[in-house]
Amino acid sequence: HGKEENKEFTELMASNTAAKKLLEFAKNRLMQFYNPRLYKPAQERELTKEQRIFENHGGDVPTVAPGGIADTGIAVFTQVAPPPPPETFGAYTTKAEENNGVVAMIDLLIKDLEKEMTEAKVAEDNAQADYETMMRDSAAKRTQDSRALSDKHSVKASLESRLAEQSEAKASEAKLKEEAVQYNKALHAECDWTLQHFDERKEARENEAQQLVDAKSMLKGADFS
């Protein structure tokens, strides 16, 4: 709900309220002259403590309300002198009918103002309600988007962590494979050396065994000459 629309609504309500008060004031003044029993005297203004003290000491406190006529801000209202007494009953009837017509027109204007203010108030309330609903929906949408973004960040962090673990596992596996290859090469080389020198080692062991046998025989005193 924009500030400009709210300003227009406030100005409309203020101007219509002032116009309504002014019309009611004019209607009441007409009643004073044409239908006194319906006339409503203006309420006496309650004096403040300072004004009462001032008045008790002989001061003259102004009786005109600071807000103007009927608090409308209009400070001057032309005093309409009462019409001369009607000469005949017919003239009185005519004046009364004219007064009733004017009062009816004033009442119609007041109703139009009240209707316009009521419609404006309903429109303002609806606009405010729509604005508040939009703000709540926007806040809920921002919360939902924030939660979705947070969830995406969590998923991303989880995937990155799993990727790092897999990369580490893959590196460890590659290291183990390399170690296995190197071990296999060393074992293969050792086997090749063993096979290559098998006959020589076999002959050497046989010679060593024969030498042990000869040594035993010598110890027993056998003669090999």
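Structural remarks
- Subset of region 126-138 [over 15 Å from Glu5 (Cβ atoms) and more than 9 Å from the chain's Cα centre (by Cα)]: Thr133
- Flag if Glu116 is open to solvent by 70 Å² or more (accessible area, probe 1.4 Å), touching a Leu at 6+ places or on another chain (Cβ under 9 Å) and either at pLDDT 55 or above or of a type in the set (Ser, Thr, Tyr) (or both): yes
- Unique match (being under 30 Å from Lys20 (Cα atoms) and either of a type outside the set (Ser, Thr, Tyr) or touching a strand residue (DSSP E or B) at 6+ places or on another chain (Cβ under 8 Å) (or both)) among Val155, Val122: Val122
- Failed item, numbered, when Lys141 is tested on (1) more than 35 Å from the chain's Cα centre (by Cα); (2) modelled with pLDDT of 90 or more: (1)
- Qualifying residue in region 119-126 (condition: open to solvent by 60 Å² or more (accessible area, probe 1.4 Å), touching a Lys or Arg at 6+ places or on another chain (Cβ under 9 Å) and closer than 30 Å to Phe25 by Cα): no
- For region 10-53, the set of residues classified as free of Cβ contacts under 8 Å to residues at least 40 places away in the same chain and not in a helix (DSSP H, G or I) consists of Tyr39, Lys40, Pro41, Ala42, Gln43, Glu44, Arg45, Glu46, Leu47, Thr48, listed by residue number.
- Residue in region 137-144 that is of a type in the set (Asp, Glu), touching a residue at least 12 places away in the same chain (Cβ under 8 Å) and either part of a helix (DSSP H, G or I) or closer than 30 Å to Thr17 by Cα (or both) present: no
- Of the numbered criteria (1) closer than 30 Å to Leu22 by Cβ; (2) out of contact with any Leu (no Cβ under 8 Å at 6 or more places or on another chain); (3) at pLDDT 90 or above, the one Asn100 fails is (3).
The values are calculated or read from the model by the stated rules, or taken from the named source; none is laboratory data. The model shown is predicted, which means the values in this text are computed figures rather than measured ones. Cβ coordinates were reconstructed from backbone atoms using ideal geometry, including for glycine residues, and neighbour counts include every protein chain displayed. The protein model used for the area step is the full one, side chains on, heavy atoms only, and it has no ligands, DNA or RNA in it. Shrake-Rupley method; radii C 1.70, N 1.55, O 1.52, S 1.80 Å.
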